[in-house]
Amino acid sequence: TAGDAVPVAQRSSWTSFLKSIASFSGDLSSMTAPPFILSPVSLTEFPAYWCEHPALFASIADFPDDPAGRALAILRWFIVTLKGQYTSRIESMGSEKKPLNPVLGELFYGQWPASSPSQGRTDLLVEQVSHHPPITAYVIENKTKGLRLRGHNAQKTSFSGGSIIVKQIGHAILTVNLPNGKKEEYLINFPRLRIDGLWYGSPYIELAETSHIIGGGYVTSIEYKGKGYFSGKSHSFKASVARAVGGTEEYVVDGTWHLNSKFTKGSHPAFAPKPSGLFHDMTALPPQHVDTTPPAKMGEWETRRLWGLVAKGIREGDFDSASREKGRIEVEQRERRVHEKEAGKVWEGWHFDREVTPDLVYEHLAGLTKSIPLTEDMYVFKENWPMVFVEDWPSTSS
Ligand code: CLR
């Protein structure tokens, strides 16, 4: 029945939250939700999901003379991130929750240590570059392997048939530095989300429609389906890897992104160990969570320090103190904006410049398909990695 997973005392506030999202579309992040659905984690931590399998990210560099191998390595890394991106809150918190809405200028720094000298260390830098609407920009780099992912994320939400529909805005560009000195760029865009289970108070995500990876002479289209659609299984996908010129389809991979998938067309010796034809397998692939700045070196804008007391209140069920601390942060932010206005200044940001001219790399790659917008915002990294990245950090996760 309705609100099964909702604590009795919060059922009426859950119902009115649902009513208000049904009659509203836009920025969900700023809406007040009942305490049981609040997550203690800010959206600035989400870009870390891109690299919870750092060895598979690094493996993109292992195909210097094989463009098809690179396209498949990028596809495999992308598919392997989906379980963390879209189902991990169910495992860690019981259901999808409402993340903390980052403040303007909020930062998250991270690192995945090198598991071997040849794999190299991977660095992560995230900054909230807009508060309203919320936009998060990030860079993930493995210098040893010559790989960099940069991107930004925003969401447009609407309500349909009892579900929240989230259109993801933004994109990422993956740069691969080849040993011959050439630089390759791949454009990645993101799937549409449907958030179901709201009525019961236990929201979960299903992916829908199609996302793309475009570059290196290939266009990969990934089509998502949930339960009740052609395969009948939740979290199904079908990826088609085709030549950008001429459109010849060379590989098709079919399966579920949270479990496994296999080739149903074509195969590649580095990916499909015969006879299984297996392309990816999550069942024995635990995520490697990111290490964040050592507490002694953590600055006041870094998310775990900035939201520390709010997160503690949410974790310990002390919602009065959580909302008092949240109120304090919001008032502080509002005052900051007022002071800027009085001084005739605008917030400059720490690590990113908003690009004012159209991004030619984006436009060229987007032009290779008919299905994605031709122009987009772009945030350019100022190449100012902070000093904390100079050395390896002590491990903070297991
Ligand atoms: C952010 C970018 C990541 C993938 C990702 C996963 C979960 C999404 C999140 C993005 C954006 C914010 C999001 C969240 C799930 C729920 C949450 C849509 C796209 C909304 C704002 C909260 C809805 C509130 C209900 C759970 C009650 O790469």
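The values are calculated or read from the model by the stated rules, or taken from the named source; none is laboratory data. Keep in mind that what you see is a predicted model, and the values were worked out from it rather than measured. So basically every Cβ, Gly included, is an ideal-geometry build from the backbone, and we count neighbours across all protein chains shown. Accessible surface areas use protein heavy atoms only, side chains included; no ligands, DNA or RNA. Shrake-Rupley method; radii C 1.70, N 1.55, O 1.52, S 1.80 Å.
Report the far tail of the P(r) of the range 151-207, meaning the percent of Cα-Cα pairs longer than 14 Å.
Above the 14 Å cut-off, the range 151-207 has 63 percent of its Cα pairs.
Any chance you could tell me what percent of the C-alpha pair distances in the range 179-306 go past 17 Å?
72 percent
So what does the Cα-only Debye profile of the range 269-322 read at q = 0.21, 0.31 Å⁻¹, as log10 I(q)/I(0), no solvent term?
After summing over all Cα pairs, the log10 values are -0.87, -1.09.
Cross-link list Lys143/Lys227; Lys182/Lys382; Lys145/Lys382; Lys83/Lys156; Lys83/Lys341; Lys143/Lys341: which exceed 32 angstrom alpha carbon to alpha carbon?
Where the Cα-Cα span goes over 32 Å, the pairs concerned are Lys143/Lys227; Lys83/Lys341; Lys143/Lys341.
If you take every residue apart from Ser30 with its C-beta less than 14 Å away from the C-beta of Ser30, what net charge results, scoring Lys and Arg +1 and Asp and Glu -1?
Net charge in that neighbourhood comes out at +2.
Give the aspartates and glutamates reachable from Lys238 as a straight Cα distance under 20 Å; neighbours fewer than 8 places away on the same chain don't count.
In chain and number order, the partners are Glu206, Glu209, Glu223, Glu249, Glu250, Asp254, Asp281.
At a Cα cut-off below 21 Å, give the lysines reachable from Lys297, other chains included and same-chain residues fewer than 8 away excluded.
Lys312
For the chain, what proportion of DSSP beta bridges, expressed in % and rounded to the nearest 5, is antiparallel?
95 percent
What is the log10 of I(q)/I(0) for the range 18-79, computed with the Debye formula using one identical point scatterer on each Cα and no solvent, at q = 0.12, 0.20, 0.24 Å⁻¹?
Summing over Cα pairs of the range 18-79 leads to -0.56, -0.81, -0.99.
Roughly to the nearest percent, how much of the accessible area of the chain is carbon and sulfur, given a 1.4 Å probe?
About 55 percent, which is the carbon plus sulfur part of the accessible surface.
Provide the descending list of Cα extents for the range 105-204 along its principal axes, expressed in whole angstroms.
Largest to smallest, the principal-axis extents are 52, 26, 26 Å.
Could you tell me which of Val310, Gly327, Pro34 has its Cα farthest along the dipole of the chain towards the positive end, charges placed at Cβ (Lys, Arg +1; Asp, Glu -1), taken about the Cα centre?
It is Pro34, whose Cα lies furthest towards the positive end.
Given a 1.4 Å probe, how much area per residue of the range 209-354 is accessible, in Å²?
Result: 58 Å² per residue.
Over the chain, consider all pairs of different Cα atoms and compute the Kirkwood hydrodynamic radius from their mean reciprocal separation; express it in Å, one decimal.
22.3 Å
Using Cα positions and a limit of under 14 Å, work out the aspartates and glutamates in reach of Lys345, with same-chain residues fewer than 8 apart set aside.
Partners within reach: Glu335.
Per DSSP H run of n ≥ 4, the term is -39500 (n - 2.57); total these for the chain, divide by its residue number, and report the mean residue ellipticity at 222 nm rounded to 500 deg cm²/dmol.
Per the formula, -7000 deg cm²/dmol.
Semi-axes of the equivalent ellipsoid for the range 1-154, please: Cα gyration tensor eigenvalues, times 5, square-rooted, ordered largest first, whole Å.
36, 17, 14
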